[in-house]
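Chemist: There's a structure below that I have some questions on.
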Amino acid sequence: MLPGCLVWIVAAALGLLLFGCAGPGTTTTTQIEYQPDMYVQQSVRPLGTDHVDASLPAMRVPPAHTVPVNYTPFPQPSDVSGVDSIVDPLPITPAVLAKGRQLFDNYCIVCHGPLANGLGYIVPKMTQPPPLIAGAPLQFSDGRIFTIVTQGQGNMPPYQTELDSAQRWAIIHYVRVLQLAANPSPSDMARAQRAGMDFSHDLPPAEGPNGPIPGSEAIPH
Ligand code: HEC
């Protein structure tokens, strides 16, 4: 049971709330702005002018050699003829490979497929990309793959702005893992068998337009 005066206070508050609301057609804007400083602020607007000197554009060219905070620059081939001499600068560690796998599975898998055999989920809606685990890419240098990922090739888009150079290099280490997994040497196979790995459930290679694709499995997708 509410005490008598509290009932009146609640009733008065309700009345204020009801009669305080604007009726239809009177106004559509909020009269009181709560914390307007997020909206009215000194920050520069894209393509606007400088708020100190209106003759200058708001967006300035950063000083030479400026790099973003926490960014590590890695070699970027600018001369295509020199790409083959660049080796992946990242160490091969479980963390780098896990990162490379995560990025490959986010950015490359849709076209190249989880095993990089060219059977990505987009195929056959898009031209089937070449497998990265057989043929020429096995001989490609790290720098060449880096350049393809950076600049794109044919139907493949460039990833220079989507992935920073460290991310691209991590992906290349992971592509090498997929290549090794698809082309195990006899000693790798012997070691796997000694470790008790069971290959009896392996599926035959998937059929591509040019016959079976080595290292790929006939998993429907
Ligand atoms: C939109 C689909 C698509 C995505 C996403 C994609 N690629 Fe490609 N990729 C292609 C196609 C198509 C080709 C063949 C291009 C050509 O030579 O005409 C190709 C070619 C390549 C080649 C060269 C193969 C060769 O034999 O010349 C490499 C290496 C490669 N891609 C790596 C990657 C990596 C790594 C990623 C992820 C960062 C990636 N691609 C993302 C479609 C894609």
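The values are calculated or read from the model by the stated rules, or taken from the named source; none is laboratory data. Because the structure is predicted, anything quoted here is derived from the model rather than measured. As a convention, Cβ positions derive from the backbone with ideal geometry for all residues, glycine included, and neighbour counts pool all protein chains shown.
Chemist: From the list Asn106, Asn117, which residue is more than 8 Å from the ligand (Cβ to nearest atom), over 18 Å from Ile92 (Cβ atoms) and part of a helix (DSSP H, G or I)?
Modeler: Asn106
Residue-wise test of (1) within 10 Å of the ligand (Cβ to nearest atom); (2) modelled with pLDDT under 95.
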| residue | (1), (2) |
| --- | --- |
| Arg144 | yes, yes |
| Ile148 | yes, yes |
| Gln153 | yes, yes |
| Met156 | yes, yes |
| Thr161 | no, yes |
| Asp164 | no, yes |
| Ile172 | yes, no |
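Chemist: Same structure again: Let me spell it out: the conditions are (1) on the phi > 0 side of the Ramachandran plot; (2) at pLDDT 65 or above, and Tyr71 meets all of them except one. Which number is the exception?
Modeler: Against the list (1) on the phi > 0 side of the Ramachandran plot; (2) at pLDDT 65 or above, Tyr71 comes up short only on (1).
Chemist: Take the residues of region 86-103 that are free of Cβ contacts under 8 Å to residues at least 24 places away in the same chain and assigned to a helix (DSSP H, G or I): which is nearest to the ligand (Cβ to nearest atom)?
Modeler: Gln102
Chemist: Go through region 142-198 and tell me which helices (runs of 4 or more DSSP H), entirely inside it, have 2 or more residues that are in contact (Cβ under 8 Å) with a residue 60 or more places away in the chain and under 23 Å from Pro89 (Cα atoms).
Modeler: So the answer is 142-151, 165-182.
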